[in-house]
Structures are given as C-alpha cells and as structure tokens.
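For reference, the structure discussed in these notes is given below.
The values are calculated or read from the model by the stated rules, or taken from the named source; none is laboratory data. Remember, it's a predicted structure, so these values are computed and weren't measured experimentally. Glycine also receives a Cβ, built like all others from the backbone with ideal geometry; neighbour counts cover every protein chain displayed.
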Amino acid sequence: MSDLTQPRDATDRLRGIQSVTDAALAHLDVETLLLELLDRLKEILEVDTAAVLLLDRPSNSLVATAARGIEEEVVQGVRIPVGRGFAGRIAAEKRAVILDHVDHTTVMNPILRARGINSMLGVPLLSAGEVLGVLHVGTLRPREFTRADVELLQLVADRVALATQARLSETERSAALALQRSLLPGRLPLISGVEFGARYVPGAAEGVGGDWYDVFAMPSGALCVVMGDVVGRGLRAAVVMGRLRSTLRAYAMTTDDPAGILDLVDRKLQHFEPDEMATALLAVLDVNHDLMRISSAGHPPPVLARADGTVSMLDLPVDPPLGVRHGRARRTTDIELPPGSVLCLYTDGLVERRTIPLDDRLEQLESAVMVDNPENVCASVMRSLVGADAPADDIALLVLRIPDDGPGVPLDLTFTAVPASLAQIRAALRRWLRRVGAGDSAVHDVLVAVGEATSNAVEHAYGPAGGTIAVRVELDGADVLVEIADNGQWREPRGHGRGRGTLIMQMTTDEFRVERGASGTTVFVRRRLDR
Amino acid sequence: MSSIGVTITGGSDGGAVLIAVAGEIDLSNSEHVEQQIASFISNRTMHAVVDLTQVTYIDSIGMRVLFGLATSLQTAQIGLKLIAPIGSPARRLIEISGLDVIVDVEPG
C-alpha cells in the first residue's frame, strides 16, 4: 500500500498509531496491546466501537478478544463462525466489508444490533496471507465509510496482525514448553533397582515438539517404559502428546501386552483425533525374568548394550505409527534383558541431520552407548550426537540400566505407602530371592511375610498424609533377613480377622519381631532359604 | 478384567458355579476380587467352586476374602469348595490360616 493514496491527515493519524505499536507497547501482552490500539483507533477514526476478533482454528470461528465501546462481546465470549455474518464474511473473503445498515440479515452478533450500531467497517487481520482475525469499527450515527477510512483501518490491522502474531507465537511457545515440562516425569521412579537417566531438548529451529517419554509401574509390578513422538510442532503437538501420554497410561492399567496397549491408543487416536499421527515405542520390563516385551509403532529402534560390552540396535518388527489406518495386528517382541544391560530409547531428533546419512548417525549412537550408569550414558550420547550444535528438531533421550549387583548384595528399596506399591515390592523381592537360589516355598513364604508387614504399614502406619516404607533385604549365611520400616505411628489393625496376619507371619518365617518406637515401626523377618 | 494384577472368570453349569482366580491378590485389589467372585454367585446357586490354582500370591488380605465368602455362603446354604494344588501359594495360606477346617479344599 502506498502513502500517495492516503489523505494527508490519515498519514498523520497513522503516525500516531505507529509510534504506539512500535515502542511504548512492546512489553504488553496481546490483550493489553489490543485494548491500547483500539482506544487510539476509536479516537483517530471517530467511531463509537472498535473490536478485534481472533480466529480459533479448531472451531473455525472468530472469538471476540478485545473491544472498546461495546465490551460485552468480549465478556460474553461472542463467537462468529467464519463465513457467517459481518465479521465471518470478512474472514472468509479476506477483504474489507462496509455495512451502512445493520440488522439481523447482515450482523449475527445481537449485542451490536441491540446497542444500536448503525454503520460498520471491518478488515481482515492477515499474516502471511493467512487470516488471523478481524478488526472492525462501528458508529451509532449513520456514516459512510470512505476509501481512505478503509485503507487506514487496513494499515492499522496489518500492524495489529504483526504484533499479535509475534506475541501469540511467543505465548504459544511458552505454553508448549510449560506443557512439555509438566508432562516429562521430573523424577523417575525407583523401581526394582532399575536406574534411569533422561534428557529433553526443545528444537532450536522449530521449538517445542511432541516428543515425550514416560516410566511408570504397572499394576502387575512390571515397569512400563515409553518413548514417543507426535508429528508436528508447537503447542498443538504438545497438547496431542499430553493426551496420548494419559491415554497410554490408562490403557496400561488394563493389559501388560505392549502391542495390546498401543492398539488401544491407536484406536482412540483414530476415533477422536483422526488428523494426528505419532510414533511410539512401548516396552514392558519384567525384571524378575530378565525380560523385556516391546512393540514399535513406526519408532526408531532402541540401542541395547549388554554387560559383556556388545552393543546393538534392536532388530524389531516395526508396525505402522499411531493414527495410521491399517488392518494388521500389532506385534510384541520378547527381548532378553540380562542383569547389567543398558537400554537407550530416543526420538528421531537425536539421529536425524539433514547433512549426514542416517546410518552414519545410528552408528555414532551405537558407539556412544556403553555399559555405565544412565547419567553417564546420557551425557556420552548427547556429547557425541549433539555436541555444541543446537538441534533443529526436539530430542528426547531415555536410558535405563538393569541392576547387576551380583546375587546376595543387600537390596535397599523405598516405596510410597500405597496399595499399588505392594506388587512392586514383591517384584523386587522375587528377583532378589531367585538370584540367591531360593526355592519356591522359601520365595512364597518370604513374599507373604513381607507382604503382611508392608500391607500393615500401608493400612495403618500413616494418616491421610501418607508416607514411605523402606525395605532392606540381605543374606545372612543360609538365611534371608528382611527389615520393613515405616516412620509412622503404630496403630493396631482394625476390623474383623486382622489378627490372622500375625499368625501367618509366624508360620512363614523362622523368626519375626516387631519394634515400635517413637520414630516408627520396624518389622524384622528371618527365613531359611534351603527348605 | 486383568487391570489390577488379577483375573477372575466364572461360569455356571446348572446350579453349580465355577470361578477361577488367576494372578496376585493383595490390599490393592482384594475388594475387586471379593466383588467379582460374588457377582458369579446368585441365590439360585447350589454349589460354588473357586479354583485358586493360578493364584501366584495371596496373604491375609486375600484370606479375609475367602473366609468372608465361606461365612456368607454357609449362611445362604450354598456349598463351597476350593481348589488349591498341594504346594501352591494358596494352599499354603489356606492351611496356615485354618480355612481348610471349615471349607472343602481339593488339590484339583
């Protein structure tokens, strides 16, 4: 647009607006900025109302965001579908519209009609040819808006669009990052002695994406490990990621089969969000049997380093990504995960570089993974594959190590005192007892004795605030000694039949003793392992 | 359903009901186990058989469910038999807690 077509006074008026947009308002959030601009605009164009409606893409409708003159439309959350009414027409046709007569055939918004607005002028807010929203003004008195008015309003709209776009992008980036951070497990769980390390780095070029990882205990006591990547960028990908993560956790309550869980997540995604797609790896670790069950939905394969030093990319059958219609059943593969193994899961942002062949990057990854504690492995992988170059795409990395402390090394575990911890305690105990060569009946008896003590602590040690239970297991000659400690207040079991637990503990152990102190209760259990 | 570490299935044959429990029973799921077992038994049931062969863990919390079941079925005059193989986790607990004194227990 050329200034030559502008009347002199309009150029002067525009200068006023320009100074306000560019400098003084630079620090304001979108809403405050818009209100300031609308105030100026009302004054300069001598109109009674001015309003900005921003496009809400999911619903394809315009939402009143800022208004001066008739503020009700913002407070009442007025929504105008694109293509309908005055504002909807401006957005659909991407051009200025002048109304010299307001009634129900031309204006959808009843607030404007009720307040007696007579003439209206509106222009689209455009950013790179895309409609961002609509800016419109209105007068109570009949007024013929001139070509000069239209051009001035459009100039203001272009500035509003620019400022809004920049600030919305910034807001969206911050929101996406906040969402990402809230969903990545900050503290990884202490389960069966498995150690974890993780990294998440947002992409430099495109910001936060939909990468996620998750680690949690399943109802069976098995450990569920997830690495996933929602296709797309920004807040939208982060939101879809959040939904997928919750969905996956929910379905992990219903089955232990990785392919079964992914299949349900896939169906949910296809049904409710048919436009979205994600890749994911889901592994269920059964540490009692040194086994991992894993299923891949179009995700890059994990790297496994075994205690003997061999490192390999797992050769898994890969099923289609989540959200892609396909008629085949997903597959679960069993992978042996011997003590001391290190498993490394990642998203494609770690290995994909436009200038380097993927195979070279995968080889580089293999050589960066070693048998070491997960924090060191994460550091090694990030150093080797990322170095000082900020990645374009976001990167998620999760490394875990199966403990290899040798049979009989004392086991120290701390659990939240909730019923769901009991299966995890049993899983850890079973593994430890098997490794010291305990027979079936010894394993069963120790599990039951410890189960009685830990259930009791869960039920009675703490009030609603909760607490923790510490379990220590050690070998003493041919015996196993287990200490179960809580730091709560002892309370006699309530309810009928609760005394049975004590009898069962006596019968399943060779020695059993309870110490109650001011700082908590400790139960000591001794059981021979060879009978 | 297997959502909570235990699966309970059941079916009836005339007046007899056979209920099979598989998995682990503890504080986290004992109420579920209790409700599921009860859901297979009606007032027309003559005999109920609860097969505990596939139970891999049970403690006093689970025994409370079984004692409760034994008592309520006795009141309702419905016969109860438990199946628990010699040496199985369930058998060991049934014997320790004396449930076999009031209920028929068979090895399978």
**Message:** outside any loop (DSSP other than H, G, I, E, B), out of contact with any strand residue (DSSP E or B) (no Cβ under 9 Å at 6 or more places or on another chain), within 11 Å of chain B (Cβ to nearest Cβ) and among the β-branched types (Val, Ile, Thr): is that true of A:Val443 in this structure?
**Reply:** yes
**Request:** Identify the single condition in (1) within 26 Å of the chain's Cα centre (by Cα); (2) farther than 19 Å from A:Asp257 by Cα that A:Pro321 does not satisfy, given that it satisfies every other one.
**Result:** (2)
**Message:** Looking at segment A:354-372 only, could you name the residues that are in contact with a helix residue (DSSP H, G or I) (Cβ under 8 Å, 6 or more places away or on another chain) and touching a residue at least 12 places away in the same chain (Cβ under 8 Å)?
**Reply:** A:Arg361, A:Leu362, A:Gln364, A:Leu365, A:Ser367, A:Ala368, A:Val369, A:Met370, A:Asp372
**Item:** Among (1) surrounded by fewer than 18 Cβ atoms within 10 Å (Cβ to Cβ); (2) over 18 Å from A:Ala176 (Cα atoms); (3) touching a residue at least 40 places away in the same chain (Cβ under 8 Å), the one test that A:Phe216 misses
**Value:** (3)
**Asked** Name the residues in segment A:381-439 that are polar (S, T, N, Q) and not in a strand (DSSP E or B), would you?
**Response** A:Ser384, A:Ser421, A:Gln424
**B:Gly108 small (Gly, Ala, Ser), surrounded by 13 or more Cβ atoms within 10 Å (Cβ to Cβ) and more than 11 Å from chain A (Cβ to nearest Cβ)** = no
**Prompt:** Within segment B:51-67, restricting attention to residues that are among the hydrophobic types (A, V, I, L, M, F, W, C) and within 9 Å of chain A (Cβ to nearest Cβ), which residue is surrounded by the most Cβ atoms within 10 Å (Cβ to Cβ)?
**Reply:** B:Ile58
**Asked** Among the residues of segment A:361-392, how many are under 14 Å from A:Ser312 (Cα atoms) and polar (S, T, N, Q)?
**Response** 2
**Asked** So, in segment A:499-513, of the ones that are surrounded by 15 or more Cβ atoms within 10 Å (Cβ to Cβ) and closer than 19 Å to A:Ala470 by Cα, which residue ends up farthest from the other protein chains (Cβ to nearest Cβ)?
**Response** A:Phe512
**Prompt:** Only one residue in A:Ala423, A:Ala461 is within 10 Å of chain B (Cβ to nearest Cβ), touching a Phe, Trp or Tyr at 6+ places or on another chain (Cβ under 9 Å) and over 24 Å from A:Asp476 (Cα atoms). Which one?
**Reply:** A:Ala423
**Any hit, segment A:458-467, residues being of a type in the set (Val, Ile, Thr), in contact (Cβ under 8 Å) with a residue 40 or more places away in the chain, closer than 30 Å to A:Gly203 by Cβ and crowded, with 16+ Cβ neighbours inside 10 Å** = no
**Message:** Take the residues in segment B:1-10 that are surrounded by fewer than 16 Cβ atoms within 10 Å (Cβ to Cβ) and β-branched (Val, Ile, Thr); name whichever of them is farthest from the other protein chains (Cβ to nearest Cβ).
**Reply:** B:Thr9
**Complete:** Exactly one of A:Val436, A:Val443 is among the β-branched types (Val, Ile, Thr) and farther than 23 Å from B:Val55 by Cα, and that one is A:Val436
**Request:** Go through segment B:11-46 residue by residue and tally those that are under 17 Å from B:Ala84 (Cβ atoms) and either out of contact with any Gly (no Cβ under 8 Å at 6 or more places or on another chain) or away from every other protein chain (no Cβ under 14 Å) (or both).
**Result:** 6
**Complete:** The strands (runs of 3 or more DSSP E) lying entirely within segment A:311-371 that contain at least 1 residues which are over 27 Å from A:Pro202 (Cα atoms) and of a type outside the set (Gly, Ala, Ser) are A:311-313, A:333-336
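Residues are listed down the side, and each one gets a yes or a no for (1) out of contact with any Pro (no Cβ under 9 Å at 6 or more places or on another chain); (2) in contact (Cβ under 8 Å) with a residue 12 or more places away in the chain; (3) over 30 Å from A:Leu235 (Cα atoms):
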| residue | (1), (2), (3) |
| --- | --- |
| A:Ala396 | yes, yes, no |
| A:Asp405 | no, yes, yes |
| A:Val436 | no, yes, yes |
| A:Val443 | yes, yes, yes |
| A:Glu452 | yes, yes, yes |
| A:Asn456 | no, yes, yes |
**Asked** Can we say A:Asp404 is touching a Lys or Arg at 6+ places or on another chain (Cβ under 6 Å) and surrounded by fewer than 18 Cβ atoms within 10 Å (Cβ to Cβ)?
**Response** no
**Prompt:** Mind checking whether some residue in segment A:293-302 is surrounded by fewer than 17 Cβ atoms within 10 Å (Cβ to Cβ) and either assigned to a helix (DSSP H, G or I) or on the phi < 0 side of the Ramachandran plot (or both)?
**Reply:** no
**Request:** Among the candidates A:Val137, A:Val150, A:Val123, single out the residue that is in contact (Cβ under 8 Å) with a residue 60 or more places away in the chain, of a type outside the set (S, T, N, Q) and not in a loop (DSSP other than H, G, I, E, B).
**Result:** A:Val137
**Request:** Scan segment B:76-99 for residues that are touching a residue at least 12 places away in the same chain (Cβ under 8 Å) and of a type outside the set (A, V, I, L, M) and report the count.
**Result:** 7
**Message:** Every residue in segment B:68-98 that is under 11 Å from the mean Cα position of the chain (by Cα), surrounded by 20 or more Cβ atoms within 10 Å (Cβ to Cβ) and within 13 Å of chain A (Cβ to nearest Cβ), please.
**Reply:** B:Leu69, B:Ala84, B:Ala90, B:Ile94
**Request:** Could you give me the residue pairs with C-beta distances under 6 Å whose first residue belongs to segment A:69-93 and is closer than 15 Å to A:Gly133 by Cβ, whose second residue is part of a helix (DSSP H, G or I) wherever it lies, and which are 6+ apart or on separate chains?
**Result:** A:Glu73/A:Ile111; A:Ile80/A:Ala87; A:Ile80/A:Gly88; A:Pro81/A:Gly88; A:Val82/A:Gly88; A:Val82/A:Ala91; A:Val82/A:Ala92; A:Gly83/A:Ala92
**Request:** Take the residues in segment A:379-394 that are farther than 21 Å from A:Ile335 by Cβ and at pLDDT 90 or above, then tell me which one is surrounded by the fewest Cβ atoms within 10 Å (Cβ to Cβ).
**Result:** A:Arg383
**Asked** How about segment A:319-351: which of its residues are surrounded by fewer than 16 Cβ atoms within 10 Å (Cβ to Cβ) and within 25 Å of A:Ala198 (Cβ to Cβ)?
**Response** A:Asp334, A:Glu336, A:Pro338
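Per-residue answers, yes or no, for (1) over 32 Å from the mean Cα position of the chain (by Cα); (2) in contact (Cβ under 8 Å) with a residue 60 or more places away in the chain; (3) within 22 Å of A:Arg167 (Cβ to Cβ); (4) not in a loop (DSSP other than H, G, I, E, B):
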{"site": "A:Arg40", "(1), (2), (3), (4)": "yes, no, yes, yes"}
{"site": "A:Leu54", "(1), (2), (3), (4)": "no, yes, yes, yes"}
{"site": "A:Leu62", "(1), (2), (3), (4)": "no, yes, yes, yes"}
{"site": "A:Thr65", "(1), (2), (3), (4)": "no, yes, yes, yes"}
{"site": "A:Ile111", "(1), (2), (3), (4)": "yes, no, no, yes"}
**Asked** Here are A:Gly116, A:Gly85, A:Gly77, A:Gly122: which of them is under 19 Å from A:Arg143 (Cα atoms) and surrounded by fewer than 22 Cβ atoms within 10 Å (Cβ to Cβ)?
**Response** A:Gly116
